[in-house]
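The values are calculated or read from the model by the stated rules, or taken from the named source; none is laboratory data. Source: prediction; values computed, not measured. Heads up, the Cβs are rebuilt from the backbone with ideal geometry, glycines too, and the neighbour counts pull from every protein chain shown.
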Amino acid sequence: MRYAYYPGCSLLESAQEFDVSVRAVMERLGVVLEEIPDWTCCGASAAEPVSKLMNYALPARNLAIVEKEMGGIDVLAPCSACYLNLLKVNKEVIGNRGLHGEVNEVLSASDQRYFGNVKVLHLLDVLLNDVGAKLVKEKVTDGLKGMKVAPYYGCQILRPYAVFDDPGKPTSMEPVLKALGANVYEWDYGNRCCGASLMVGHRDVAIQSVAEILNGASDADAIVTVCPLCQMNLEAYQAQAVKAGGARVPVLYLSQLMGLAFGFGEDVMQLKKNLTMTAGVRDMINNKVWRQLRQTESGEELTGVEP
């Protein structure tokens, strides 16, 4: 299995632990990730309010590079926002003759043109449908039996395009978690919005969303995410959410959890970069003490940061 890897901006900055753990885990699974040469920002959530054309042209440029220089192999995008932005080029530009022409006119300035022949996949899609839970299970050396894990999907990999999962009741993470030996925590907040960028303009609304999600996972040992923005909101603002009535719950990326089950140590998985992965919580995970990890044995609280 070979993919054109699009890390995106977050995975090289604020979500480095996501990037590192994805690369390590996929290599263990025999997946070859070839980073797209000279890739650029997909536009994230900032481009569209400025220019709808730029909102399409930025991700289209990356797909054009894959199409022209990498033989048009499938693109793997771990970041949910990047995945959505790349995917919407195929969904909204290709087939729209006028818009497609405008986008290619922009791309022509850098001697590029996108014909629409590159498939865009999210990490979960690859793990579920290409890699498969059976292979994941074969690579487990340090299983997570008994650990109650709440799978958190967020919005962007599910809406508006239901490519590989049900937006109303997503389950694509469950086979992977079960293959790791973990218990899937049953809850109704896996597809609930974390507030996303409302955390900037309407923080009170976003904090309440985070508090409700954390409360929904109050009896879980951890929440796992596949989105840097969701991870940021659930971790960095957890202290404020707790003040608003939310519970304290450790949060980590699915790829980090997979890495731990595959025998990679906490240093390799960069758990210290996770704001809720305190020394006490990391020790409990290492020793497989699944007993409400949101508090350490010394009563230490998960506090996050106050931006």
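Overview of results
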read-out: Single condition LYS145 does not satisfy, out of (1) closer than 21 Å to LEU180 by Cβ; (2) at pLDDT 95 or above; (3) surrounded by fewer than 17 Cβ atoms within 10 Å (Cβ to Cβ); value: (2)
read-out: Identity of the residue in region 204-249, closer than 17 Å to SER45 by Cα and of a type outside the set (A, V, I, L, M), that ends up nearest to the chain's Cα centre (by Cα); value: CYS227
read-out: Tally, over region 1-45, of residues that are assigned to a helix (DSSP H, G or I), of a type in the set (A, V, I, L, M) and either at pLDDT 95 or above or over 18 Å from LEU123 (Cβ atoms) (or both); value: 5
read-out: Inter-residue pairs, beta-carbon under 7 Å, first free of Cβ contacts under 8 Å to residues at least 12 places away in the same chain and in region 1-17, second among the acidic types (Asp, Glu), 6+ apart; value: LEU12/ASP19
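One line per residue, one yes/no per condition, for (1) among the polar types (S, T, N, Q); (2) on the phi > 0 side of the Ramachandran plot; (3) modelled with pLDDT of 95 or more:
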position	(1), (2), (3)
TYR153	no, no, yes
ILE157	no, no, no
TYR161	no, no, no
THR171	yes, no, yes
VAL176	no, no, yes
GLY181	no, yes, yes
TYR185	no, no, yes
ARG192	no, no, no
LEU198	no, no, no
